[in-house]
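Here's the structure we're looking at; comments come further down.
Computed from the coordinates by the stated procedures, all read-outs in this text should not be read as laboratory data. Here the structure is a predicted model, which is why all the values come from computation and not from measurement. In this analysis, Cβ positions are derived from the backbone assuming ideal geometry, glycine residues included, and neighbour counts consider all displayed protein chains.
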Amino acid sequence: MDFLNAAPNASLKYPYALPPLPYDYGALQSAVDEQTMRVHHDKHHQGYTDKFNKALKDQAELQQKTLVELLSDLSTLPDDVRVAVRNNGGGYFNHALFWPMLSENGGGDPGGELGKAIERDFGSFSAFKEQFTNAATTLFGSGWAWLVKNSGGKLEVIKTANQDTPLMSSKTPVLGIDVWEHAYYLKYQNRRAEYVGNFWKIVNWETCGRNYDE
Ligand code: MN
């Protein structure tokens with residue numbers, strides 16, 4: 001699985017570095033304002049990165065595992081590091097995936113194999129959009145909504161709480177939306193549905209198509 005398309009990739013190991021945004025902080029302003037992007041990337045994602053590295057600092061054996069290996073089988077981790085890897089490793093991974101899923105030239109419909117698979121598994125693009133929007137707006141508390149490919153190759157919409165990742169249920173992330181308040185609150189306050197509605201303008205379907213093709 002090589003679906004981290006920016007600087008990081010799935011073979012990454014400790015120590016983890018914050019990947020740069022693949023566009024300017026203000027590039028996504030049709031949906032997400034510059035200040036939110038600065039705080040989200042430079043403070044929140046940096047924070048997950050730092051805490052993830054700290055959790056692995058004295059774990060020589062775990063430092064040899066890849067990011068995807070660590071997050072795919074949390075049950076094998078020692079008790080004292082499992083929660084930190086789940087929360088901060090998950091946060092590191094989810095955000096590294098998320099940035100390249102967005103683009104100032106995004107929006108529209110997915111073409112290619114992903115477009116066909118969405119029609120096959122949801123009936124239509126608009127039916128998929130409705131299901132994903134519903135998941136993103138109804139998720140209680142903090143977390144993510146995802147379009148994922150399951151182990152049988154079928155597309156599904158799922159929600160994950162906090163920084164849990166689709167890897168925990170052996171699913172490949174294709175598109176995700178961060179619905180933590182830190183992702184939208186400066187611009188939208190409590191209006192999460194408006195953020196989710198504008199999100200469609202910045203979806204980078206090229207990246208999502210590559211994620212699907214993996
Ligand atoms: Mn976030």
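What the table below lists for this structure:
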| read-out | value |
| --- | --- |
| Rg/Rh ratio calculated on Cα atoms of the range 12-59 (Kirkwood radius) | 1.11 |
| Cα-only radius of gyration and Dmax that characterise the chain, units Å | 16.5, 49 |
| For the range 1-107, size of Cβ-based charge dipole, Lys and Arg +1, Asp and Glu -1, in debye | 200 |
| Value of relative contact order over the range 6-59, rounded to a whole percent, pairs C-alpha under 8 Å and six or more apart | 37 |
| Simple spin-label estimate for S126 and K159 in nanometres, 7 Å along Cα-Cβ | 2.5 |
| Shape of the range 1-117, Cα gyration tensor, a/c cut at 1.5 | oblate |
| Derived scalar couplings ³J(HN,Hα) [the range 65-70; Karplus, 6.51 cos²θ - 1.76 cosθ + 1.60; whole Hz; x for Gly, Pro] | 7, 7, 3, 5, 4, 4 |
| Kyte-Doolittle mean at least -0.5 and Cα axial length at least 30 Å: DSSP H helices in the chain | none |
| Theoretical FRET efficiency, 1/(1+(r/R0)^6), r = Cβ-Cβ of D80 and S142, R0 25 Å, to 0.05 | 0.55 |
| Three-way shape label, the range 135-214, alpha-carbon gyration tensor, a/c 1.5 | oblate |
| Alpha-carbon spread of the range 64-140, three principal axes, descending order, Å | 45, 27, 23 |
| Residue order, fewest to most surrounding Cβ atoms within 10 angstrom, among K187, K154 | K154, K187 |
| 5 angstrom amide H check on W180, placed H, neighbours 5+ away | G143 |
| Packing-based exposure ordering (other Cβ within 10 Å, fewest first) of I118, I202 | I202, I118 |
| Table column - 3J(HN,Hα) (Hz), the range 158-167, Karplus curve with 6.51, -1.76, 1.60, x for Gly and Pro | 10, 10, 10, 7, 6, 10, 4, 10, x, 4 |
| Computed E for Y185/K13 - FRET, C-beta separation, R0 35 angstrom, nearest 0.05 | 0.55 |
